[in-house]
Amino acid sequence: MSATETPHSKNGRLIEVFDNLLDTLRNFIRENHVTHEEYRHAVAFLGKVGQKGEASLLCDVFVEVSVDEIDNDGRAGTITTIEGPFYVPDAPALKSPCVLPQRSNEHGAILFFSGTVRSENGRPLAGAILDLWQSDTNGRYSHFDIPEVEAPYNLRARVTTDQSGKFEVQTRVPGPYEIPKHGPTGALLAALGRHAWRPAHLHMKVESHGHRTLTTQLFFKHDRWINSDVVQGAVKQSLIVDPIKHEDPNELLRNGMRDPYYTLAYDFVLETGIGEAARDQRN
Ligand code: MBD
Ligand code: FE
């Protein structure tokens, strides 16, 4: 160990937890009398998960909820939920009000998503960043299910709040997401006799100087899968919203809208404290 390394350095942490992980795995093997054939089967499965690029998908579906729970225990402000496998950093930076990047023929009902970002004490946070990402109406994520060259950062943006901490974004209502059936994660779910659907959702990271970054999602009340998310425990009551549908022909005409559209208002509250970057530096 060099002089600058402490027991809290990355290796120190690895050394601290690895033995325990091994103990847990070995106990699991003994308790369940895992056969050598089963062991080989599991190793081959993990190989396929890597080969098909599903490491994050598999882990996020089955275990990220526990990491979110323990890492955000006792946290103030808006409740968190998992990040999932489809976040892409460095999405286009846009100033509110704005329209999320989308294809010229983007399908799905238009959604106006607005709200205020506040601190724990109620103070509106001007210049906060709402980093948004979501699937399209068919449950497809840009850069993953839609090739990046076809639609770079489609339905992704980092939106900056205005002087009063408000944001207003025009996007599309996302569709439910089904984990691909042809991959190992989908095959595992099928073998377990479980469906592979997530209810439609909007993802966001909300950050502001001097506050702890919030990673969460919003879900829709009337979604077919709202009570049976394949990611068990990811949907939380206070994250379920019910956008207002606007379909009165006169109202549409007045607002220059061709088709019915939705509006959604949701405010975010950030825990006061140091942000992720400062926390990393301290550790
Ligand atoms: C998703 O869209 C998602 O958000 C998670 C957590 C897992 C699989 C697909
Ligand atoms: Fe998602």
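The values are calculated or read from the model by the stated rules, or taken from the named source; none is laboratory data. Being a predicted model, the structure only gives us computed values, none of them experimental. Here the Cβ is made from the backbone with ideal geometry for all residues, glycine too, and neighbour counts use every protein chain on show. Accessible surface areas use protein heavy atoms only, side chains included; no ligands, DNA or RNA. Shrake-Rupley method; radii C 1.70, N 1.55, O 1.52, S 1.80 Å.
Partner lysines whose Cα lies under 18 Å from the Cα of K181, excluding those fewer than 8 positions away in the same chain, are identified as K48, K52.
The phi-based Karplus calculation (6.51 cos²θ - 1.76 cosθ + 1.60; θ = phi - 60°) puts the 3J(HN,Hα) values of the range 251-268 at 5, 4, 4, 4, 9, x, 9, 7, 10, x, 9, 10, 10, 9, 10, 8, 9, 10 Hz, whole numbers, x for Gly and Pro.
Please say if the range 110-198 is rounded, prolate or oblate, where rounded means a/c under 1.5 for a ≥ b ≥ c the square roots of the C-alpha gyration tensor eigenvalues, and otherwise the choice is prolate for a/b larger than b/c and oblate otherwise? Mind dumping the intermediate values first?
Numbers: a/c = 3.06, a/b = 2.04, b/c = 1.50.
Verdict is prolate for the range 110-198.
Residues whose amide H comes within less than 5 Å of that of V159, counting only those at least five positions distant or on another chain, are L94, L130, D131, L132 (H built at 1.01 Å from N in the peptide plane). In this simple spin-label model, placing a label point 7 Å from the Cα along the Cα-to-Cβ direction at both Q170 and A265 gives a separation of 2.0 nm. The H on the amide N of F268, modeled in the peptide plane, is under 5 Å from the matching H of T116, V117, R118, each at least 5 residues off or on a different chain.
Excluding same-chain neighbours fewer than eight residues apart, the lysines reachable from K205 by a Cα-Cα span under 17 Å are K95, K166, K236.
Taken about its Cα centre, the range 1-101 carries a charge dipole of about 280 debye when Lys and Arg each add +1 at the Cβ and Asp and Glu each add -1 at the Cβ.
Karplus-based coupling profile of the range 160-166, in residue order and whole Hz: 8, 6, 7, 4, 9, x, 8, with θ = phi - 60° in 6.51 cos²θ - 1.76 cosθ + 1.60 and x standing for Gly or Pro.
Net charge near L58, counting Lys/Arg +1 and Asp/Glu -1 over other residues with Cβ under 11 Å of its Cβ? Present the calculation step by step, with values, prior to reporting the outcome.
On the way: positive: K48, K52; negative: E54, D60, E64.
Once all neighbours under 11 Å are counted, the net charge is -1.
Karplus-derived 3J(HN,Hα) values for the range 214-225, using 6.51 cos²θ - 1.76 cosθ + 1.60 with θ = phi - 60°, are 9, 10, 8, 9, 10, 10, 10, 3, 9, 5, 4, 9 Hz; glycine and proline are entered as x. Neighbours of P85 by Cβ distance under 10 Å: Lys/Arg scored +1, Asp/Glu scored -1, total -4. Ordering F144, F219 by accessible surface, largest first, gives F144, F219; the 1.4 Å probe counts only protein heavy atoms, with every chain in place.
A protection proxy built from the mean count of other Cβ atoms within 10 Å ranks the segments 72-82, 244-254, most packed first, as 72-82, 244-254.
Only Cα pairs under 8 Å and 6+ residues apart enter the sum, and on that basis the relative contact order of the range 45-172 stands at 32 percent.
Mind running the shape call on the chain? Use the C-alpha gyration tensor, a ≥ b ≥ c as the square roots of the eigenvalues: rounded below 1.5 for a/c, prolate if a/b tops b/c, oblate otherwise. The shape class here is oblate. Averaging the sequence gap over all C-alpha pairs within less than 8 Å and six or more residues apart, then dividing by the number of residues, gives the range 75-273 a relative contact order of 29 percent. The H on the amide N of Y177, modeled in the peptide plane, is under 5 Å from the matching H of R198, A200, each at least 5 residues off or on a different chain.
Taking Cα atoms only, the orientation of helix 10-31 departs from the longest principal axis of the chain by about 70 degrees. Rolling a 1.4 angstrom probe over the chain with all protein chains present gives an accessible area of which 53% lies on carbon and sulfur atoms. Charged neighbours of L188, selected by a Cβ distance under 13 Å, balance to +3 (K, R count +1; D, E count -1). Take the Cβ atoms of S96 and V34, set R0 to 51 Å, and the FRET efficiency comes out at 0.45. Maximal additional length on extending the R26-A44 stretch stands at 4.6 nm, based on 0.36 nm per residue less the C-alpha distance. Toward the positive end of the charge dipole of the chain, with +1 on the Cβ of Lys and Arg and -1 on the Cβ of Asp and Glu, the farthest Cα among V49, A200, L239 is that of A200.
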